[in-house]
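Asker: Pasting a structure below so you can have a look.
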Amino acid sequence: MLTIRLQRGGRTHMPIYTIVAADSRNPRDGRFSEKLGQYNPHLESGTLLDVKAERIQALISGGATISDTVRTLLKKNKVTLN
């Protein structure tokens, strides 16, 4: 099953997360099918960068699930998913 979730990157104590579409059986930082955006918790109020909202919506309508953390981040940054 395809899941939209965060993948951790960056360096020690300074993480940067990438929003990815990955198979739910793969590890958190493992193989993924595509990048959908980035999240930097160190910028003011945790800003999302380069979010592909249309592609996220297409994946959700195709049956992908979205993690609770990504759903909260999208709501907080006022990204609408119809």
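Where a number appears in this text, it was derived from the coordinates with a stated rule and is not lab data. Being a predicted model, the structure only gives us computed values, none of them experimental. Using ideal geometry, Cβ is built from the backbone for each residue, glycine included, and neighbour counts are taken over all protein chains shown.
Asker: Working from the pairwise distances between different alpha carbons, so that the mean of 1/r is found and then inverted, what is the chain's Kirkwood radius in Å? Walk me through the numbers before you get to the answer.
Answerer: Values: mean 1/r = 0.0778 Å⁻¹.
After inverting the mean inverse Cα-Cα distance, the result is 12.8 Å.
Asker: Counting only helical runs of four or more DSSP H residues, what would the 222 nm mean residue ellipticity of the chain come to if each run contributes -39,500 (n - 2.57) and the total is spread over all its residues? Walk me through the numbers before you get to the answer.
Answerer: On the way: 2 runs with 18 residues, N = 82.
My calculation for the chain gives -6000 deg cm²/dmol from helical runs alone.
Asker: Continuing with this model, one more query. Return the percentage of antiparallel bridges among DSSP beta bridges fully within the chain, rounded to the nearest 5 %. Please list the in-between numbers first.
Answerer: Values: 18 of 20 bridges.
In the chain, approximately 90 percent of DSSP beta bridges are antiparallel ones.
Asker: List the longest stretch of the chain that has no exposed loop site; here a site is one of the trypsin sites (Lys or Arg not before Pro) assigned by DSSP to anything other than H, G, I, E or B, with at most 13 other Cβ within 10 Å.
Answerer: With a cap of 13 other Cβ atoms within 10 Å, the longest stretch comes to 32-77.
Asker: Rounded to whole Hz and in sequence order, give me ³J(HN,Hα) for region 67-82 from the Karplus expression 6.51 cos²θ - 1.76 cosθ + 1.60, θ = phi - 60°, writing x for Gly and Pro.
Answerer: Each residue's phi maps through the Karplus curve to give 6, 4, 5, 5, 4, 5, 5, 5, 5, 5, 9, 6, 8, 8, 10, 7 Hz.
Asker: Turning to a different aspect of this structure: In nm, give the distance between the simple-model label positions of residue 35 and residue 47, each being 7 Å from the Cα along the Cα-to-Cβ direction.
Answerer: Computed distance between label sites residue 35 and residue 47 equals 1.7 nm.
Asker: Rounded to the nearest 20 debye, what is the charge dipole size of the chain about its Cα centre when +1 sits on each Lys and Arg Cβ and -1 on each Asp and Glu Cβ? It would help to have the intermediate numbers written out before the result.
Answerer: Details: 13 positive and 7 negative charges, 23 e Å.
The dipole magnitude comes to about 120 debye.
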